[in-house]
């Protein structure tokens, strides 16, 4: 990116009219130079004419006048005189000179008129005249006509073949250039070093490694292997094809290396991700006494930046200053980039402030440096300063500053950049739009991201992936899956690895098992499973959809497991209450020499907590602190408190919190409050609740939890007071919500919901289940109704709990034997838990219920949680 900017900005300090004048001057100089050469050749021709025994005066007069116009560089008068003349008046050698003047002047119109005169008067187009025609058409850009003449005339001089080959390569017609080279070989035309230099570029452009290797062999056979320019062109070919070893072989076999050879090898290594080898070649270059130039220093700065070798970078800085290169814009910009990438922002800032002419590249490098170091404020400030200095940010600058805002969640600053983009009509650039969407998505503002997406005139796969991933990460799983489905329907883009990685977490969030299986099939058909990130996401999706066996099978198929792979599987076991399996897997991970991190221990301690493995939990907590030297965070402490509270060690948990080295948050006190509910300790619950309410006064979940504790103890007056307290604060309880996927469609229920078309069947089914439960001695857990009413009213209220409605629809709508998979946004209540156990026994169906805490697998009247939820 920086190299592109450097090359594009190198003329930005020159006024346009001055640049045009210089260009014209160079063109005029070139024409005059060729006129002088033509004048000399014409004088020779005149002497030859003088010696002829037969002398045609009319022919001589016309040619003399025409040659005078050519010597003066007067193309207009030359063509006019030619137009008035006939075949008998003009010598073919004079026509060659007119064509040369057309070629030098780049005048295709006049050149075509001369060609028309030649053909119209029946001149024989021999090798000399044909060569000049080819040169004229080539210089004037009509390569098709030049190639046509080559097909008609045998031209012996390599110069004209080389010129056309080179121009065909420049125009992108690499195949045409190579065809011309093969024709040159078949005609036996003697080649020179320019021939091989020209055609090697065409093999490079076609990315033909085999063709380039054949050319290399032909070069050696032809005896041009020792020619510097030819060897340098072969170097460039191999390096562009990323065949660095072949390039190094060419380099080592060169008898003489110039600065271009060394620069090619240094830059080739660095641009192919082998910075250390490139820097090693640079050291050899210095030892060989070769004088470095600007291209050398710029490449080496890039290698130092990639390798983070700031000491070497400083030494090269000194070498550049001694070589008097310090004032060059490319030198300063690359030096600034090197210091910023190596984390030495102070030195980068000094270079930046000492620059006489700061360009957009300079500012972009400095902004990127601030962004890398997390100094988002400084980056945004520099963006504003850039405008004040009258330097217009380009696409790279804007995307860099948006990326900085995204990483640091600076929504307001990002919005100000968006306003600048609108004012400067840059919003239609696809890279800018994608960066904007990414910034809004990472800042949690999906409405703005949607708006940018909807206004894009053209999207690419990155655009779709950014929005799908934004929905997924911001808990809009339904929207992520809907947009993914739309992408498939419109068939404008095929999902790639990134799309799949974005949509799998949405499937996991919704427990959309069927959709997840479809995506799994797509992954296997396109061989994406080798991507470890996708493999890990797939394991996580199956684990969160309750298909733990499938998750483990896929985990075992991952060829090269990283820390994330092991942690995802450990967490999966923990969510399902398989603590011993989680511990066994954790031990296997350590035996595989993969060191756990903070997140790995959170997953392991969570597994111990949800399986009642207190001793094991303490042991791993101590291993984390003492063996792995990982300082516990609030999440680790919350797992220990939860583990103690669930197993009834409430007093021990309370003392543990009081002795914590860091202040406990509401989550830690909330874990103890949950334990108080499980073990019916109202007194401790009241003490803990006040601490929770003080830390998170707006969180209604804790008020509801305390209300549950009071209602279980049948302290209805306390429940009433708590409800009044919630009302005074204007708080609203998050409604219970459950969902189930049936035939690819996600059906959502809220407590007391009657909007589903199958409501009557669902209610009738639940009444029947409740009746059977009473017949077999089960009594409704009416204490979970949270209302002080008659038992029948409480029982009716309980029947409307969202998870019951979802489970009932699953049983009624899915085929026999199919596992019922339900997800709930809150913790499942005791009555629903009991009813789910009974339904699994009554219908002989396995029910997998995922609540906000963990998984419950109901089968034959039993639950996998064993009471730890």
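Numbers for the structure displayed
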| item | result |
| --- | --- |
| Residue in the stretch 710-721 that is without any contact (Cβ under 8 Å) to a residue 40 or more places away in the chain and surrounded by 17 or more Cβ atoms within 10 Å (Cβ to Cβ) present | yes |
| Of residues in the stretch 818-837 being assigned to a loop (DSSP other than H, G, I, E, B) and touching a helix residue (DSSP H, G or I) at 6+ places or on another chain (Cβ under 7 Å), the one surrounded by the fewest Cβ atoms within 10 Å (Cβ to Cβ) | 829 |
| Residue within the stretch 481-502 that is surrounded by 23 or more Cβ atoms within 10 Å (Cβ to Cβ) and in contact with a strand residue (DSSP E or B) (Cβ under 9 Å, 6 or more places away or on another chain) present | yes |
| Test: residue in the stretch 544-556 that is assigned to a helix (DSSP H, G or I), under 16 Å from residue 483 (Cα atoms), in contact (Cβ under 8 Å) with a residue 24 or more places away in the chain and in contact with a helix residue (DSSP H, G or I) (Cβ under 8 Å, 6 or more places away or on another chain) | no |
| Residue among 704, 719 that alone is farther than 19 Å from residue 669 by Cβ and either assigned to a helix (DSSP H, G or I) or in contact with a helix residue (DSSP H, G or I) (Cβ under 9 Å, 6 or more places away or on another chain) (or both) | 719 |
| Any hit, the stretch 554-567, residues being modelled with pLDDT of 95 or more and either within 22 Å of residue 671 (Cβ to Cβ) or over 34 Å from the mean Cα position of the chain (by Cα) (or both) | yes |
| Check on residue 796, surrounded by 13 or more Cβ atoms within 10 Å (Cβ to Cβ) and modelled with pLDDT of 75 or more | no |
| Extreme residue, modelled with the lowest pLDDT, among residues of the stretch 597-617 that are surrounded by fewer than 24 Cβ atoms within 10 Å (Cβ to Cβ) and more than 34 Å from the chain's Cα centre (by Cα) | 612 |
| Residues being free of Cβ contacts under 8 Å to residues at least 12 places away in the same chain and surrounded by fewer than 14 Cβ atoms within 10 Å (Cβ to Cβ) - total across the stretch 160-184 | 1 |
| Spans of helices (runs of 4 or more DSSP H) in the stretch 453-515 with at least 3 residues closer than 20 Å to residue 821 by Cβ | 477-490, 497-510 |
| Scan of the stretch 287-314 for residues that are loosely packed, with under 14 Cβ neighbours inside 10 Å and at negative phi, ordered by number | 287, 288, 291, 311 |
| Scope the stretch 127-144; condition closer than 19 Å to residue 101 by Cα and either surrounded by fewer than 18 Cβ atoms within 10 Å (Cβ to Cβ) or at pLDDT below 80 (or both); matching residues | 127, 128, 141, 142 |
| Some residue of the stretch 119-127 being touching a helix residue (DSSP H, G or I) at 6+ places or on another chain (Cβ under 8 Å) and either part of a helix (DSSP H, G or I) or not assigned by TED's automatic domain parsing to the domain that holds residue 77 (or both) | no |
| Evaluation of residue 428 against (1) crowded, with 21+ Cβ neighbours inside 10 Å; (2) farther than 28 Å from residue 343 by Cβ (one fails), failing number | (1) |
| Output for the stretch 262-275, where each listed residue is touching a helix residue (DSSP H, G or I) at 6+ places or on another chain (Cβ under 6 Å) and surrounded by fewer than 20 Cβ atoms within 10 Å (Cβ to Cβ) | 272 |
| Yes/no for residue 657 being surrounded by fewer than 14 Cβ atoms within 10 Å (Cβ to Cβ), out of contact with any strand residue (DSSP E or B) (no Cβ under 6 Å at 6 or more places or on another chain) and modelled with pLDDT of 90 or more | no |
| All positions within the stretch 738-793 that are at pLDDT below 80, part of a helix (DSSP H, G or I) and in contact with a helix residue (DSSP H, G or I) (Cβ under 7 Å, 6 or more places away or on another chain) | 782, 783, 784, 785, 791 |
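Listed here are the residues, each with its yes/no results for (1) buried (at least 22 other Cβ atoms within 10 Å of the Cβ); (2) under 17 Å from residue 474 (Cβ atoms).
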{"position": "397", "(1), (2)": "yes, no"}
{"position": "401", "(1), (2)": "yes, no"}
{"position": "423", "(1), (2)": "no, no"}
{"position": "433", "(1), (2)": "yes, no"}
{"position": "447", "(1), (2)": "no, yes"}
{"position": "450", "(1), (2)": "no, yes"}
{"position": "455", "(1), (2)": "no, no"}
{"position": "459", "(1), (2)": "no, no"}
{"position": "462", "(1), (2)": "no, no"}
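Per-residue answers, yes or no, for (1) closer than 24 Å to residue 865 by Cβ; (2) assigned to a helix (DSSP H, G or I); (3) touching a helix residue (DSSP H, G or I) at 6+ places or on another chain (Cβ under 8 Å); (4) not assigned by TED's automatic domain parsing to the domain that holds residue 826:
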site: 629; (1), (2), (3), (4): no, no, no, yes
site: 662; (1), (2), (3), (4): no, no, yes, yes
site: 674; (1), (2), (3), (4): yes, yes, yes, yes
site: 683; (1), (2), (3), (4): no, yes, no, yes
site: 698; (1), (2), (3), (4): no, no, no, yes
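The values are calculated or read from the model by the stated rules, or taken from the named source; none is laboratory data. These figures come from a predicted structure and were not determined experimentally. When we count neighbours, we look across all protein chains shown, and the Cβ atoms used for this are built from the backbone with ideal geometry, even at glycine.
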